[in-house]
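What follows is a single structure, written as structure tokens, with notes after it.
The values are calculated or read from the model by the stated rules, or taken from the named source; none is laboratory data. Keep in mind that this is a model prediction, so the values were computed, not measured. Glycine gets a Cβ as well: all are built from the backbone with ideal geometry, and neighbour counts include every protein chain shown. Heavy atoms of the whole protein, side chains included, go into the accessibility calculation; ligands, DNA and RNA do not. Shrake-Rupley method; radii C 1.70, N 1.55, O 1.52, S 1.80 Å.
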Amino acid sequence: MSADLSDTIIALATPPGRSAIAVLRLSGPDCLGFLSARARGQGWKDRPRESFLTRLMDAQGQEIDQALVTYFPSPHSYTGQDVVEISVHGSTWVCRTLLQSALDFGLRLAQPGEFTQRAFLLGKMDLLQAEGVRDLIDSETGFQARVARQQLDGELSRRLAPFKDELVSVISHMETALEFVEDEVAPEGRERLTGRLAGGVGFLADLEESFQVGRLVRDGITIALVGRPNVGKSSIFNALMRADRAIVTEVPGTTRDALRERLNLHGIPVQMVDTAGIRESADEVERLGVERTLREVAEADVAVFVVDGAEAFSDEDSRSWGAVRGLKPLLVVNKRDKGVMIEVPSEVEGACSGRIEVSALKDEGLEELRERLWSLAGGEGASSLEGALLTSVRQQQCVKECRQALMAGLEGYRRGLSEEFALYDLRRALEALGRLTGEVTLDEVLNEIFSNFCIGK
Ligand code: GDP
């Protein structure tokens, strides 16, 4: 991705396709030049951040559409540059023609995430906040949105600030001691210095730990329902869907596959895998399908083993059991409305994380099932969540490197190594922290982050 800030970029900020209105966004030094050339009137120059009704023309002076134009002069804009937002009628022809007209004028189409990248490069937000923007746009549940908003609001950056200040202060203290040899830090001074940073190790460890929940919130979990045909997996699945609204993904082209619905379990996005297809088969294609399903089951975060409470445990049940026995599944005995509850072999029940009796047909026990699933998914950790948490592997990696470098530095210094050695490690810790917030950046990291954005953001 080009980090060139001198181009003026344009993109459709709303999804492509027919809609009531469409919003195009521009950022760069040529925003006003474009408006002067292609829009009637000039009012926006004197009254920034107000909307103006105007008419947009193509290069030949032919009208494209009536539009509402808002001008955000630098530096008080999303990117920090001059920004213009144009609302037009959401016709594909209007949008296409307007974009073409902008390209003819010399503007360039924005890459995914380029607006936010500019905001980052121009100091409007740090890297953690930029990731918050991406996560907020990607959020499908209220809980996800709340966590992303916290990050966007700079909660994580704020929490890191006191630790960073302390680190910088200790580093400069040691540097001074090195420069003025006669000021060599006395043993009690050493203790004080290490003491000031010792709390940081715990703080970083907690932060690292928060990724367990952060990952859950951001990526959700997969729950696999396993059991022989006819035990009621689909019925349970559907009952859970009814109780908890399914998540509707609006990505065009995604067909809603009945076996892979997503549902919202108290704010945690859940992908359910129904394993109706697990059975022995001579058919090659089917066998491959079964293998794939078995792999998915093994990778699921939570496995559920379903049996029919009204029918004796059969060989077929045993075969299904084989797919989940090592996963400490939750045992669900279905069809309790039939009034007979079979014995489940004790070695099966003993290898499960718990047992719960339900009736998918009569909608009984499903609330409890949902609670159990939520809890198995780690939901308590998520609900006790306070403040900021790490939501990406990148963040976790930076925090880990910071903590390890800090520990190495402290340990050596406590053992009596000179400031020089400690400084080497503490600077590494500071550098890792810088990478976390984006003060120290590598192009590859930026590319990785911003290319996951949608165009126009
Ligand atoms: P799957 O093959 O495991 O997905 O099972 P289905 O969900 O298709 O259910 C198989 C049959 O059992 C259907 O006829 C369902 O109506 C019935 N069934 C499912 N759950 C219950 C239940 O809780 N009680 C009773 N009585 N029947 C059920």
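In a reduced charge model with +1 at each Lys and Arg Cβ and -1 at each Asp and Glu Cβ, the chain shows a dipole moment near 1300 debye about its Cα centre. Using a cutoff of 8 angstrom between alpha carbon atoms and counting only pairs six or more residues apart, the relative contact order for the range 69-194 works out to 15 percent.
Subtracting the Cα-Cα distance from 0.36 nm times the residue separation, let me have the gained length for Ser451 to Arg292 in nm, one decimal. Additional length available on full extension: 54.3 nm.
Shape class for the range 25-137, computed from the alpha carbon gyration tensor (a ≥ b ≥ c): prolate, with a/c not under 1.5 and a/b above b/c.
What number comes out for accessible area per residue over the chain if the probe is 1.4 Å? Units Å², please.
Counting only protein heavy atoms, the per-residue value for the chain is 49 Å².
Only lysines eight or more places from Lys124 in sequence, or on another chain, were considered; those with a Cα closer than 25 Å are Lys45, Lys164, Lys457.
Residue by residue, the range 298-306 carries 3J(HN,Hα) couplings of 4, 8, 5, 6, 9, 10, 10, 9, 9 Hz when phi is fed to the Karplus relation 6.51 cos²θ - 1.76 cosθ + 1.60 (θ = phi - 60°); x denotes Gly or Pro.
What is the antiparallel percent of DSSP beta bridges lying wholly in the chain, to the nearest 5?
Beta bridges within the chain, antiparallel portion: roughly 60 percent.
Each semi-axis of the equivalent ellipsoid for the range 392-457 is √(5λ) with λ an eigenvalue of the Cα gyration tensor; in descending order they amount to 32, 10, 6 Å. For the chain, the fraction of 1.4 Å probe accessible surface lying on carbon and sulfur atoms is 50 percent. Length gained on full extension, Lys338 to Leu68, computed as 0.36 nm times the residue gap minus the Cα-Cα distance: 90.8 nm. Using 0.36 nm per residue and subtracting the Cα-Cα separation, the extra length available between Ala59 and Ser346 on full extension is 95.4 nm. With contacts taken as Cα pairs under 8 Å and at least 6 residues apart, the chain reaches a relative contact order of 17 percent.
Its alpha carbons considered, the chain gives a radius of gyration followed by a Dmax of 28.8, 87 Å.
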